Structures are given as C-alpha cells and as structure tokens.
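The values are calculated or read from the model by the stated rules, or taken from the named source; none is laboratory data. Predicted, not measured: the structure shown is a model, and the values here were computed from it. Cβ sites come from the backbone with ideal geometry, for glycine too, and all protein chains shown count toward neighbours. Surface accessibility is based on the protein's heavy atoms, side chains included, excluding ligands, DNA and RNA. Shrake-Rupley method; radii C 1.70, N 1.55, O 1.52, S 1.80 Å.
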Amino acid sequence: MPRSLPWSGAGRSALRRAAHRPSPLRRYALPAAALAVVSLVAACSGPPKDGPAPGSAAFKLSAGTPAATGGLDSFTWALYAEPPTLDYISAFDYPQNTIVSNVCESLMRWTPQLTVAPGLAEKATNPDPTTWVYDLRPGVHFHDGGVLSADDVVFSLGRQLDPAGGSAWNSNFANVGAITKTGPLQVTVKLKQPDAQFPQYMATAAGVVASKSGVEKAGQDYGTSGSLDCTGPFKLGTWNKGQSIELQRFDGYWGAKAKSAKAVFSFLTDPSARTNALLNGEADGGYLIPTESYDRLSKSGVGTLYFGEGLSTVNVNVTSMKGALGDVRVRRALSVTPPRHK
C-alpha cells in the first residue's frame, strides 16, 4: 500500500507549504502507515470552477512529494466525516479506512507500485489452485500486550465470514470454504474454487488481524471506544466525539517506527472548511479536497499543489426499477459505457 498521505481522493492532490514558513505541512510526505487500497464510494465532484480540469496542461502529474527529513510531535489530517465505527469489518469508507489502516494491519499489504507484499504474514504460498497458506511473523505484539498467533488470524477472518456480523467485506470471502490453524504461526485457507482475487483481498481490510482476546473483551463496544487491539504503528488514543480522533505512536511496533508521535484526525464535514484548514495550518492534509478549490490552493502562496494518479471509484446503484432503468438493456448498456465525469 502507498505509505504516504499527501494525496486527496478526488484527483489525488496535495498542498505542500513553502519551506520558509515554520509550518507543519512539511509533514505531508511522512508515512503514517500503509493505507488500505480498496474500492470505496467516492464523491463525484466536478472540475475546478476557476481553472482548467485536472489532466489539462495546468495540472501535471507528479510521481510523489519530497521525502520526510525528520520526525514530528504531531500532524493533523482532515476527514470529511466522523467514522460511525472503527471495527475493521465495517471499515468501508475513507474516514474509517484512513484511521483503521494506521492502527490495524492485514496479512498482506499493497506497495506503492500496487503489488502485493508480505504484511503480518511473512510468507504466502499457493500449493494448489484452491489453497493459500500464510506463515505469520513471529514476535508481533498487539497494542494491549498480546502476541500474534494463528488463533488471532482464524478468529479475525472468521468475523468477516459470519453473516451475523454484517461485514462489509463478506462478499470477498464468497469462495472461502474453510480457514484453519495449521501451526502456531500458520493459517491455511481452503477455497471452494480458484479465486485469482482472494490473495489481493488479504491486503485490504478484509485481511486485517486483531487480537481475539481484545475483541471478545470489548464485545459490542469494539470499534466505538477503547482499544482496537491491533498491531499497527499507531494505537487508538482519545476519541473526541464530533471533533477528532487521536492516535499515538506504538513503540512496540515490529516494523519501522512511525515518524510522528501523534496523529490527529479532525472531522470537517464542510468542503470549504477543509480547504481553509489547509490554508491556515489547522490541517496538514486530507482526502476529497474539493476540486473547485484547486485554483485557490495553487495561488495561495503557502505551498505547492501536487497531482498524482488516484484510485477513487464511484459506485452507481439502481435503487428503483421504474422508468428507463427498469429495462435490462439500458442497465447493460450503462455497465459497459464509461460514464462521463461530472
């Protein structure tokens, strides 16, 4: 997964403040942790009203932003909504995914080049078309002190399979026949039929592993208060309802330590408020920055606006079979005709 947080979901844009200002926006290139790359429902927003559309000559794509040069005490990221829960089985939108992916980890992970790499599983093997074997990293600690084992993996993936849990990722397990512990640090997944996408799902929130004892202890409160008891570089700190969620660096992390001691995710539901927060230093970054603000950001003089390719998707669902959409031929035509961005 990409390890930087500078890109917005709409056009993947970022504002980097000028270096001469003592501003926290130099933090944009700091890795807060791997972000889950999944299909999400993104807002359909139009081109800038005061300038050309992204992709034109005025908006050149950048491969990235300058690398971090040091550590931070804290940085702030603007979210367009407060997550209803941080339970990984329900994390299916930008706000909750942005936070959960900094706290919880999956069996596998995405690289910036969008290839699948080892995560909590140091090795994944495919001995036959319907079998995946995951060998776990030894000595990985959960935030509450426990040590990762195969039991935690079987339990965590099992929650995705349980219809009573209402998992947003349940359909990704449609071809899964059984998930079993085949060693203290080994889990085997048997598929009902070959599924080329299943190994990729294990790099998303579908493959997140949490502490079995921690989830069971929290019960129905899991994801809405207290600890998430995962293994990521940050652990859940204070949740100020209606305002923000704070994460604290997890010093017991098995991998490279987070460069910031604290991460603050503020809830700014108004698009203009997110733009203003970037300009006045209240926020260091955010996803789904309104496209109509690009011209204002680029001309602000407080930094540089970067553009890169994004992975946002727009889902269009038929909610009424009345009228033209009741004709299956129309629906088929829409499914094969690329919609115009508007």
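At-a-glance table
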{"read-out": "The range 191-226, residues that are aliphatic (A, V, I, L, M) and open to solvent by 70 Å² or more (accessible area, probe 1.4 Å)", "value": "Ala196"}
{"read-out": "Which listed residue, of Leu288, Leu247, is among the aliphatic types (A, V, I, L, M), under 14 Å from Leu86 (Cα atoms) and either surrounded by fewer than 21 Cβ atoms within 10 Å (Cβ to Cβ) or out of contact with any His (no Cβ under 8 Å at 6 or more places or on another chain) (or both)", "value": "Leu247"}
{"read-out": "Only listed residue being at negative phi and open to solvent by less than 40 Å² (accessible area, probe 1.4 Å), chosen from Thr319, Thr231, Thr269, Thr238", "value": "Thr231"}
{"read-out": "Within the range 89-118, considering residues that are part of a loop (DSSP other than H, G, I, E, B) and either over 15 Å from the mean Cα position of the chain (by Cα) or polar (S, T, N, Q) (or both), the one surrounded by the most Cβ atoms within 10 Å (Cβ to Cβ)", "value": "Thr111"}
{"read-out": "Those residues of the range 266-281 which are of a type in the set (Ser, Thr, Tyr) and without any contact (Cβ under 8 Å) to a residue 24 or more places away in the chain, in sequence order", "value": "Ser272, Thr275"}
{"read-out": "Selection from the range 119-139 of residues that are of a type in the set (S, T, N, Q) and either under 24 Å from the mean Cα position of the chain (by Cα) or part of a strand (DSSP E or B) (or both)", "value": "Thr125, Asn126, Thr131"}
{"read-out": "Top-ranked residue in the range 78-88 [being more than 21 Å from Phe198 (Cβ to Cβ) and outside any loop (DSSP other than H, G, I, E, B); ranked as nearest to the chain's Cα centre (by Cα)]", "value": "Leu79"}
{"read-out": "Qualifying residue in the range 258-266 (condition: touching a strand residue (DSSP E or B) at 6+ places or on another chain (Cβ under 8 Å), surrounded by fewer than 17 Cβ atoms within 10 Å (Cβ to Cβ) and not in a strand (DSSP E or B))", "value": "yes"}
{"read-out": "Looking only at the range 140-155, and only at residues there that are open to solvent by less than 40 Å² (accessible area, probe 1.4 Å) and either in a loop (DSSP other than H, G, I, E, B) or modelled with pLDDT under 95 (or both), the one that is farthest from Ser211 (Cα to Cα)", "value": "Val140"}
{"read-out": "Near pairs, Cβ below 9 angstrom, 6+ apart or cross-chain, from the range 132-148 (without any contact (Cβ under 8 Å) to a residue 40 or more places away in the chain) to any residue that is open to solvent by 30 Å² or more (accessible area, probe 1.4 Å)", "value": "Gly145/Gly252; Val147/Pro138; Val147/Gly139; Val147/His141"}
{"read-out": "Hits in the range 180-222 - residues which are in a loop (DSSP other than H, G, I, E, B), closer than 17 Å to Ser167 by Cα and modelled with pLDDT of 95 or more", "value": "Met202, Ala203, Ala210"}
{"read-out": "The listed residue being surrounded by fewer than 20 Cβ atoms within 10 Å (Cβ to Cβ) and at pLDDT below 85, out of Ser335, Ser300", "value": "Ser335"}
{"read-out": "Near pairs, Cβ below 6 angstrom, 6+ apart or cross-chain, from the range 187-199 (touching a residue at least 40 places away in the same chain (Cβ under 8 Å)) to any residue that is small (Gly, Ala, Ser) and surrounded by 18 or more Cβ atoms within 10 Å (Cβ to Cβ)", "value": "Val187/Ala150"}
